[in-house]
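The values are calculated or read from the model by the stated rules, or taken from the named source; none is laboratory data. These numbers were taken from a predicted model, which means no experiment stands behind them. Here the Cβ positions follow ideal geometry from the backbone for every residue, glycine too, while neighbour counts run over all protein chains shown.
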Amino acid sequence: MQNPWLSILLSDYEGHMSLPEVAQAGMLSREFEVLVRQYVPESVAILGCSGGSGFDRISPNVTSRVVGVDINAAYIETARPDFWGNFALLSCTPAICKPQRCDSILSICSALRPCLSIWI
């Protein structure tokens, strides 16, 4: 069975998150900005980065490496043109895990841990 996140268009997802009655897009960006200002990371990972949500809140003068992780590779590819020149952006797409196993997700998290200043 295909993961439903692979069939949702980025425009539909971002539109939903920006609806006034949902209001999560702005809230998540603001909260993320508070964290990057507080911790001033040289590198940061955004799990569930969609199309680069929150990347605009990261100062390239402070943070040189941004790791965007999302289950939908098309979302990450949308972020590349907007942010590629600002950061060394690494895109990772975790494998779909079965309900009883998530080894592939844990492997990606373990591989990224040494390069992260903030784990969100």
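Flag: Ile120 does not match the condition of being within 12 Å of the chain's Cα centre (by Cα), modelled with pLDDT of 50 or more and of a type outside the set (D, E, K, R). Applying a threshold of 7 Å to beta carbon distances and a minimum spacing of six or more residues, or different chains, the list of pairs starting in segment 20-39 at a residue that is over 16 Å from Gly68 (Cα atoms) and ending at one that is small (Gly, Ala, Ser) and part of a helix (DSSP H, G or I) reads Ala25/Ser18. Here Met17 passes the criteria (1) loosely packed, with under 15 Cβ neighbours inside 10 Å; (2) closer than 21 Å to Glu77 by Cβ; (3) hydrophobic (A, V, I, L, M, F, W, C); (4) modelled with pLDDT of 90 or more except the one numbered (1). Condition first: closer than 18 Å to Ser18 by Cβ, touching a Ser or Thr at 6+ places or on another chain (Cβ under 9 Å) and among the charged types (D, E, K, R). Now tell me which residues in segment 29-86 satisfy that. Selection gives Asp56, Arg57, Asp70.
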